[in-house]
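Below you'll find the structure, written out as structure tokens, and then a few comments.
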Amino acid sequence: MRTWELRYTASSDIMEWEQDAAKELERVPEHVRSMAKMGIETSAAKKGKTIVTIDDVKEAERQFMALMVKDEKTTKIAVVRCDIVSEVCPGVACFKAFNKRKVHFSEYGEAEIIGFFTCGGCPGRRVHRLVESLLKHGLDVIHLSSCMLMERGYPRCPHIDEIKQNILKKGVKVVEGTHH
Ligand code: SF4
């Protein structure tokens, strides 16, 4: 029982789907189904297969669930920083503080940075849009980078309160500072 559909994988090999495998795939939510399908086919192709079976789909499901369990325990962090300062700062100190769990990152256990972006210029026009986008990836907390807060070297961001309120309104926690 096979050949629900023919398609080409990234490696241009023909990949077929057994019917029960295809049926199982239909249980995956529609908005991520094509991505799941591509992942399953790529994984099957790597094993030298040209037919996707129910076992391939179940294996992908198990891997996904394992990832989700780990994901639930992981705090997802994004850092927003000053667009003007980003001209001269690649963000090394922010990442160092996170990687070593220092200063404003010292409280985190299992955590990952899922976004690192500039505000888009005064008055922080890009923040709203990117926070919306990161929420789809499970964003928990936004750090306002230290360059937005410093009183010396760079001027403190005059729009910081507005930026902070806009993030809070979306139900995302805000931490002021990264490495200072
Ligand atoms: S809004 Fe604030 S953080 Fe963004 S560019 Fe202007 S001063 Fe920098």
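Of all the numbered requirements in (1) at pLDDT below 95; (2) under 22 Å from the mean Cα position of the chain (by Cα), Gly124 misses one, and that requirement is (1).
Checking Val92, Val103 one by one, the residue that is among the β-branched types (Val, Ile, Thr), outside the structural domain of Val28 (by TED's automatic domain parsing) and touching a residue at least 24 places away in the same chain (Cβ under 8 Å) is Val103 and no other.
Out of everything in the stretch 139-180 that is over 22 Å from the mean Cα position of the chain (by Cα) and of a type in the set (A, V, I, L, M, F, W, C), what residue ends up being farthest from Gly124 (Cα to Cα)? Top of the filtered list is Met150. A count restricted to the stretch 141-180 and to residues that are among the β-branched types (Val, Ile, Thr), assigned to a strand (DSSP E or B) and closer than 16 Å to Gly91 by Cα stands at 1. Of all residues in the stretch 24-70, those that are surrounded by 15 or more Cβ atoms within 10 Å (Cβ to Cβ) and out of contact with any helix residue (DSSP H, G or I) (no Cβ under 9 Å at 6 or more places or on another chain) total 1.
Of all residues in the stretch 97-122, those satisfying the criterion of being more than 18 Å from Glu176 (Cβ to Cβ) and more than 16 Å from the ligand (Cβ to nearest atom) are Asn99, Lys100, Gly109, Glu110, Glu112, Ile114. Here Val79 meets each of (1) in contact with a strand residue (DSSP E or B) (Cβ under 8 Å, 6 or more places away or on another chain); (2) not assigned by TED's automatic domain parsing to the domain that holds Arg129 with one exception, condition (2). When residues in the stretch 72-99 are screened for being surrounded by 15 or more Cβ atoms within 10 Å (Cβ to Cβ) and either of a type in the set (Asp, Glu) or at pLDDT below 90 (or both), 1 of them pass.
Do we find that Glu41 is among the charged types (D, E, K, R) and either in contact with a Pro (Cβ under 7 Å, 6 or more places away or on another chain) or under 30 Å from Ile160 (Cβ atoms) (or both) in this structure? Against the criterion (among the charged types (D, E, K, R) and either in contact with a Pro (Cβ under 7 Å, 6 or more places away or on another chain) or under 30 Å from Ile160 (Cβ atoms) (or both)), Glu41 does not qualify.
The values are calculated or read from the model by the stated rules, or taken from the named source; none is laboratory data. Model, not experiment: these values are computed from the prediction. In this analysis, Cβ positions are derived from the backbone assuming ideal geometry, glycine residues included, and neighbour counts consider all displayed protein chains.
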